[in-house]
1. Identify the trypsin sites (Lys or Arg not before Pro) of the range 35-113 meeting these criteria: DSSP loop state and at most 13 other C-beta atoms within 10 Å of the C-beta.
2. Scan around Lys4 for amide H atoms under 5 Å from its own, H built in the peptide plane at 1.01 Å from N, and keep only partners 5 or more places away or cross-chain.
3. Keeping all protein chains in place, calculate the accessible area per residue for the chain (probe 1.4 angstrom), answer in Å².
4. Using each residue's phi in the range 72-89, evaluate 6.51 cos²θ - 1.76 cosθ + 1.60 at θ = phi - 60° and report the 3J(HN,Hα) Karplus result to the nearest Hz, with x for Gly and Pro.
5. How large, in percent, is the carbon and sulfur part of the accessible surface of the range 100-141 at a probe radius of 1.4 Å?
6. Quick check: at a probe of 1.4 Å, how many percent of the accessible area of the range 36-91 sits on carbon and sulfur atoms?
7. What are the chymotrypsin sites (Phe, Trp or Tyr not before Pro) within the range 1-104 that DSSP puts in a loop, where the Cβ has at most 10 other Cβ atoms within 10 Å?
8. So for Ser59, Ser126, what's the accessible-area order with a 1.4 Å probe, most first?
Amino acid sequence: MILKCFCRCNADIYEAEPNTHTCPTCLGLPGALPVPNQDAIRKAHLLGLALNCQLSKESRFDRKHYSYPDLPKGYQISQYKKPFCENGHLSLVSGLLVDIERIHLEEDTAKSIHEGSKTLIDFNKSGMPLVEIVTRPCLEM
């Protein structure tokens with residue numbers, strides 16, 4: 001079973017009824033403590049190796065605070081100062097070299113569903129593992 005990023009909820013959410021794959025941790029309820037998903041971390045490391053990154057000997061998760069309707073706890077667990085992977089590159093067939101600054105893991109937000117004048121929120125997606133690849137400026141016109 002594939003799990004969410006910081007809890008033991010089933011991450012097979014795409015055919016599930018709304019709000020059926022949630023728990024106190026991914027809903028951000030008081031007292032719920034996040035536990036990092038080791039498989040998601042391993043996969044982030046594998047992606048870093050595939051993109052010629054240096055794996056960090058020390059990493060940490062940070063809170064990215066912002067107010068948004070589909071972010072129930074008011075912050076997102078992410079990595080900023082100490083990501084898992086840094087300083088990689090990807091060589092494209094065109095010859096362009098894409099410099100990768102960092103690869104970090106974070107949790108996804110919930111899903112807003114707009115129906116007419118109403119907005120509904122499905123929290124199944126809240127807490128899903130999400131990897132971000134951040135490149136250095138490299139595109140030319």
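The values are calculated or read from the model by the stated rules, or taken from the named source; none is laboratory data. Keep in mind it's a predicted model, so treat the numbers as computed, not measured. No Cβ is skipped: glycine too gets one built from the backbone with ideal geometry, and neighbour counts run over all protein chains shown. Heads up: the accessible areas ignore ligands, DNA and RNA and are worked out on the full protein's heavy atoms, side chains in. Shrake-Rupley method; radii C 1.70, N 1.55, O 1.52, S 1.80 Å.
1. Details: sites: Arg42, Lys43, Lys57, Arg60, Arg63, Lys64, Lys73, Lys81, Arg102, Lys111; in loops: Lys57, Arg60, Lys73, Lys81.
Loop-located and lightly packed - Lys57, Arg60, Lys81.
2. Amide H neighbours of Lys4, under 5 Å, 5+ apart: Cys9, Ala11.
3. Numbers: 9040 Å² over 141 residues.
Each residue of the chain exposes 64 Å² on average to a 1.4 Å probe.
4. Here the 3J(HN,Hα) series is x, 8, x, 8, 10, 7, 8, 10, 10, 6, 9, x, 5, 9, 9, 6, x, 7 Hz.
5. Numbers: 1410 of 2550 Å².
Here carbon and sulfur together make up 56 percent of the probe-accessible area.
6. Working: 1830 of 3540 Å².
C and S fraction of accessible area: 52 percent.
7. Numbers: sites: Phe6, Tyr14, Phe61, Tyr66, Tyr75, Tyr80, Phe84; in loops: Phe6, Tyr14, Phe61, Tyr66, Tyr80, Phe84.
In loop regions of the range 1-104 (DSSP not H, G, I, E or B), the sparsely surrounded chymotrypsin sites (Phe, Trp or Tyr not before Pro) are Tyr14, Tyr66.
8. Details: Ser59 45, Ser126 5 Å².
Listed by decreasing accessible area, they come as Ser59, Ser126.
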